[in-house]
Amino acid sequence: MSTLTYEDALSRTTSGNGLRDTVSQTFSMAWRATKKMRRNPEQFFDVTLQPILFTAMFAYIFGGAIAGDVKSYLPIMIPGILAQTVLTTCMATGVQLREDMDKGVFDRFKSLPIARIAPLAGPMVADLLRYTIAATLTFGMGMVIGYRPEGGVLGVAAAIVLAIFTGWCLAWAFTYIGTIAKSAQAVQGMSMLILFPLTFLSNAFVGVDTLPSQLAWFVRINPVSHLVTASRDLANHGQVTGQVWLTLAAGLVVIAIFAPLSVRSYKKHL
């Protein structure tokens, strides 16, 4: 009887996976991640408490100072909180990936006949549930304190879908960070250094016209600003503007860059 070397086994597990098999394996991994969430309810704390607390705090602390009153500030702020909440939520993808890799969870996937992208994409598909909860609670809390989006149900739903899509795309960047960082703490630190400037140096909470010229230049090219503007166009006016298409295109570019990088970096750990 001939012996099967590790290289031969690895070759067999990474070959023969077509698109249909890859999709099926990804959803299997997504179901595994969803069951893990059910057994660890604390994973939902950030997507349930953060939207409620941030929406209330920003509205009542900054509403009067920036817009004159809370009600006038809500159409500006709610789409900004939506972007901030979803992007902060997607940061957890890289942290959880690094934790699983450190615990040896991914070592069990080495000998399985699955596509190499499935263990990475599966948890990200499961995280769509977290994005949906965060986005829905943001608008729900906004309506409780007086926000009345003129875009109607369809406009709000479109803004939520756009934010979820953008968060899912950016999660690939944090997945890549998760595969190259040395620890989960390092992933969180690196992600914060990326997210906080992008979120707060945007038009999420204040108008661009109120900023110094050099800072305003960065805010205008900041991709988060495009997401916020597109969300405002959809939720407040029910309009599908060029900002919406630009945000969708930017998300696809992020996937095209970071999905292959993530898979390549992940393979180096095998």
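The values are calculated or read from the model by the stated rules, or taken from the named source; none is laboratory data. Here the structure is a predicted model, which is why all the values come from computation and not from measurement. FYI the Cβ positions are ideal-geometry reconstructions off the backbone, even for glycines, and counts take in every protein chain you see.
Quick notes on this one:
- Meets criteria (more than 14 Å from the chain's Cα centre (by Cα) and assigned to a helix (DSSP H, G or I)) for ILE133: no
- TRP172 buried (at least 21 other Cβ atoms within 10 Å of the Cβ) and either among the polar types (S, T, N, Q) or under 27 Å from ILE257 (Cα atoms) (or both): yes
For every residue, the table says whether it meets (1) modelled with pLDDT of 90 or more; (2) within 15 Å of GLY167 (Cα to Cα); (3) polar (S, T, N, Q).
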{"site": "ALA181", "(1), (2), (3)": "no, no, no"}
{"site": "VAL187", "(1), (2), (3)": "no, no, no"}
{"site": "HIS226", "(1), (2), (3)": "yes, yes, no"}
{"site": "TRP245", "(1), (2), (3)": "yes, no, no"}
{"site": "ILE255", "(1), (2), (3)": "yes, yes, no"}
{"site": "LYS268", "(1), (2), (3)": "no, no, no"}
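- A search for C-beta distances below 8 Å between a residue of segment 242-270 that is in contact (Cβ under 8 Å) with a residue 12 or more places away in the chain and over 22 Å from THR179 (Cβ atoms) and any residue that is charged (D, E, K, R) and buried (at least 18 other Cβ atoms within 10 Å of the Cβ), counting only pairs 6+ apart in sequence or on different chains, returns GLN243/ASP233; VAL244/ASP233.
- Identification of helices (runs of 4 or more DSSP H) wholly contained in segment 1-69 with 2 or more residues that are closer than 24 Å to THR89 by Cβ and either at pLDDT 75 or above or of a type outside the set (A, V, I, L, M, F, W, C) (or both) yields 19-39, 45-67.
- Some residue of segment 201-216 being touching a Ser or Thr at 6+ places or on another chain (Cβ under 7 Å), closer than 27 Å to GLU150 by Cβ and among the acidic types (Asp, Glu): no
- Flag: ARG108 does not match the condition of being among the basic types (Lys, Arg), surrounded by fewer than 22 Cβ atoms within 10 Å (Cβ to Cβ) and within 27 Å of LYS71 (Cα to Cα).
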